[in-house]
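Structure first, commentary second.
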Amino acid sequence: MRRRRVRKAGVRRAGVRKAAKGVVPVATALLALAGGAGVASATLSPLPASVLSAPQLSGDAFYVPPSPLPDGKPGDVIRTRDVLLSSYQGARVQQIMYLSTDLHDRLVPATGMLLTPLLQKPGDDNPVVVGTPGTRGLDDRCAPSKQADLLEASATSPDYEIAEYQQLVALGISVVVTDYEGQGTPGDPSYLVGESEGRNALDALRAAQQIRGSGVSPDSPVGIAGYSQGGQAAAWAAELQPAYAPALHLKGVLAGGVPADMLQLVNHLNGKVTGGAGFGLSTLVGLNHAYPELDLDGRLTSEGRLVIDRVKQSCFIEDFAEFGTTTTGQVTDPDVLSDPAWQKAYRASLLGTRKPGAPAYLYHGTADTIVPFTQGDMLYHDWCAQGASVQYVALPGLEHISGFIAGAPAGVQWLADRLAGKQAVAGCHEVSLP
């Protein structure tokens, strides 16, 4: 789907330098981590059906929500527990379960974690940021909050955002991280369904404000930070906040590598080993969970049933290593990407149609092979057209992982300044990192 660009007067656009040579594609880097586990340029070879078992409920009772759910409102806390052997330093780490809502405004359980700085200032109005995680995979063992516990962490879903969260903690800022609906808890996640993720993020902030001893309250300044899938969630939370959670004192939004147009993105990912074919296949599960009337199960091919079962039991390292060039046309008949109902559902996650509730900082690598640079560039111009104040950093020659590593630290400092009360520069500006 082609989008017409709207350029607002006063938006400064600098020329983007050509991609630097010698940047290792993100897929290559992660495949090396995974030991190159059988990646092929052909279709994923099916496993025998007997090898694939149905997804199980979590063996950890903490992640099994009460049935029925307690009465309450979005953000109400169901339970918390301390993590005694954590990968995070300088913080009290708690796993949390709280209420959120799905796209039909029904209460659903969500889990996550709260990082409270040990050197937090006295009082109950300290700043807090919701971390919206990037892709970890669909299996419950991939849940971000589980990776904080060294006894639960999965080697196939390492916490690549730990440095970002540690930077915030070192600045005295609490971090609450959402696992998103269905990640960790029973059921499928609404993977890359923007509104669902945005609601989960805002409700995580509400939950953090309710936890006794957290040092944060409804009076606390709040921020949002995420990259990749998390960038989509952060941007959606920013657009939803004025209507969904207007009482939150939102001061700034940090979003990188943002998939702004899901229909364009899933067509880009489709069958590309260097673009993460497994991520595209995972969106079929996420969209079907959010919109069950799409009836994914009724159109899966025999190969597709095996592939989707494996996708549901994979974390992100496995997503890179196992799915080769498998396309949606090989797993669904007719191909969902040619179906107007599926196209409409993907379009429902389009960003840039509303002004975010606070100033924003966007960053994106120009050589990104997973979420193309054009996606972040589009969001920048669309938000500017909505009248937002946006600082935009284009990272020449960097792809998905290197863009995150290079771009996040400056963005975190920008967000910390907003939480400290420093005003963002009004208007839209494209800048270069020092």
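The values are calculated or read from the model by the stated rules, or taken from the named source; none is laboratory data. Keep in mind the model is a prediction, meaning the values are calculated, not measured. So basically every Cβ, Gly included, is an ideal-geometry build from the backbone, and we count neighbours across all protein chains shown.
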### Query
Any idea which of L306, L296, L300 is touching a Pro at 6+ places or on another chain (Cβ under 7 Å), among the aliphatic types (A, V, I, L, M) and not assigned by TED's automatic domain parsing to the domain that holds P133?
L306
### Task
Answer yes if at least one residue in region 78-94 is buried (at least 21 other Cβ atoms within 10 Å of the Cβ), in the same structural domain as R199 (by TED's automatic domain parsing) and either over 27 Å from L419 (Cβ atoms) or out of contact with any Asp or Glu (no Cβ under 9 Å at 6 or more places or on another chain) (or both), and no otherwise.
yes
## Note on the structure
A424 meets each of (1) assigned by TED's automatic domain parsing to the domain that holds A170; (2) surrounded by 20 or more Cβ atoms within 10 Å (Cβ to Cβ); (3) touching a residue at least 40 places away in the same chain (Cβ under 8 Å) with one exception, condition (2)
### Query
Just for region 201-220: of the residues that are within 20 Å of R92 (Cβ to Cβ) and among the hydrophobic types (A, V, I, L, M, F, W, C), which one is surrounded by the fewest Cβ atoms within 10 Å (Cβ to Cβ)?
I211
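Only one residue in R106, R136, R141 is under 22 Å from the mean Cα position of the chain (by Cα) and free of Cβ contacts under 8 Å to residues at least 12 places away in the same chain. Which one?
When all the criteria are applied, what remains is R106.
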### Task
Return the only residue of A247, A235 being assigned by TED's automatic domain parsing to the domain that holds V175 and either hydroxyl-bearing (S, T, Y) or outside any loop (DSSP other than H, G, I, E, B) (or both).
A235
### Task
Hey, can you tell me all the residues within region 221-246 that are among the hydroxyl-bearing types (S, T, Y), buried (at least 24 other Cβ atoms within 10 Å of the Cβ) and out of contact with any Ser or Thr (no Cβ under 8 Å at 6 or more places or on another chain)?
Y227
### Summary
All-but-one check, G198 against (1) in contact (Cβ under 8 Å) with a residue 60 or more places away in the chain; (2) farther than 13 Å from D125 by Cα; (3) crowded, with 23+ Cβ neighbours inside 10 Å, failing number (1)
### Task
Could you tell me whether region 98-116 includes any residue that is among the charged types (D, E, K, R), surrounded by fewer than 19 Cβ atoms within 10 Å (Cβ to Cβ), at pLDDT 95 or above and closer than 16 Å to V222 by Cα?
no
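The rows are residues; the columns are (1) within 13 Å of Y227 (Cα to Cα); (2) among the polar types (S, T, N, Q).
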site: Y346; (1), (2): no, no
site: S389; (1), (2): no, yes
site: I401; (1), (2): yes, no
site: A420; (1), (2): no, no
site: H429; (1), (2): no, no
### Message
Please verify whether S157 is touching a strand residue (DSSP E or B) at 6+ places or on another chain (Cβ under 7 Å), of a type outside the set (V, I, T) and at pLDDT below 95, treating the condition exactly as stated.
### Response
yes
### Query
of a type outside the set (S, T, Y), assigned by TED's automatic domain parsing to the domain that holds G231 and buried (at least 24 other Cβ atoms within 10 Å of the Cβ), is that true of Q183?
yes
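Here is a yes/no grid of residues against (1) surrounded by fewer than 19 Cβ atoms within 10 Å (Cβ to Cβ); (2) over 19 Å from the mean Cα position of the chain (by Cα); (3) under 20 Å from L168 (Cα atoms):
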{"residue": "L248", "(1), (2), (3)": "no, yes, yes"}
{"residue": "V253", "(1), (2), (3)": "no, no, yes"}
{"residue": "G256", "(1), (2), (3)": "no, no, yes"}
{"residue": "D261", "(1), (2), (3)": "no, no, no"}
{"residue": "S282", "(1), (2), (3)": "no, no, no"}
{"residue": "L306", "(1), (2), (3)": "no, yes, no"}
{"residue": "S314", "(1), (2), (3)": "no, no, no"}
#### Entry: Single residue of L269, L254 found to be touching a Phe, Trp or Tyr at 6+ places or on another chain (Cβ under 6 Å), not assigned by TED's automatic domain parsing to the domain that holds F404 and not small (G, A, S)
L269
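Rundown of residues vs (1) buried (at least 23 other Cβ atoms within 10 Å of the Cβ); (2) over 19 Å from P259 (Cα atoms); (3) touching a residue at least 40 places away in the same chain (Cβ under 8 Å), yes/no style:
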position	(1), (2), (3)
Q330	no, yes, yes
D333	no, yes, no
W342	yes, no, yes
P356	yes, no, yes
### Message
Looking only at region 239-263, count every residue that is closer than 25 Å to G72 by Cβ and either out of contact with any helix residue (DSSP H, G or I) (no Cβ under 9 Å at 6 or more places or on another chain) or hydrophobic (A, V, I, L, M, F, W, C) (or both) and tell me the total.
### Response
9
